[in-house]
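The values are calculated or read from the model by the stated rules, or taken from the named source; none is laboratory data. No experiment lies behind these values; they were computed from the predicted model shown. Backbone-built Cβ (ideal geometry, glycine too); neighbour counts: all protein chains shown.
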Amino acid sequence: MESSGRLFNCVRCRKLVTICRQCDCNQVYCSKLCARAARKASLKAAGQRYQNSHRGRLKHAARQRAYRQRQKEKVTHHTSPTSPQNDSLPPTINKHAACSISPSTTRMICHFCGRRDFVFLRSGFLRHQSRLNSRRLSNWPLGP
């Protein structure tokens, strides 16, 4: 069987990605980093929708009342920690370095395992036939 790959754009960062047939499990993200970030955004959006619902607002109000009651019971507070005066910021790290594939450098190399033996690239997912459909096709008359 000829080896094939799939060419797709990451759903989150829109980078061009190639993936071999062996690694392809219908991924839509270029890396685990993009998948985690998309999951985090999805959870945040779900939380926002819940907070905007009637039940969410009631629960939030009850939680805030309980928090304010606990705060009234506290008598002493700790001071904030002192920070060094000449402290510099740490260097920034590009979190999307794994996603940086430009179209000019895109070659037929699997983004996930590095395999290079593609015969051709496809743009869609592989569709597997069900057994029922393959039986129907095998019983189909071939001639007049």
Odd one out for Val11, checked against (1) surrounded by 11 or more Cβ atoms within 10 Å (Cβ to Cβ); (2) modelled with pLDDT of 95 or more; (3) of a type in the set (A, V, I, L, M): (2)
Residues located in region 17-37, provided they are modelled with pLDDT of 85 or more and surrounded by fewer than 16 Cβ atoms within 10 Å (Cβ to Cβ): Val28, Lys32, Arg36
Selection count, region 3-21, where residues are outside any strand (DSSP E or B) and among the hydrophobic types (A, V, I, L, M, F, W, C): 3
Matching residues in region 22-73 - criterion: being part of a helix (DSSP H, G or I) and closer than 30 Å to Leu121 by Cα: Lys32, Leu33, Cys34, Ala35, Arg36, Ala37, Ala38, Arg39
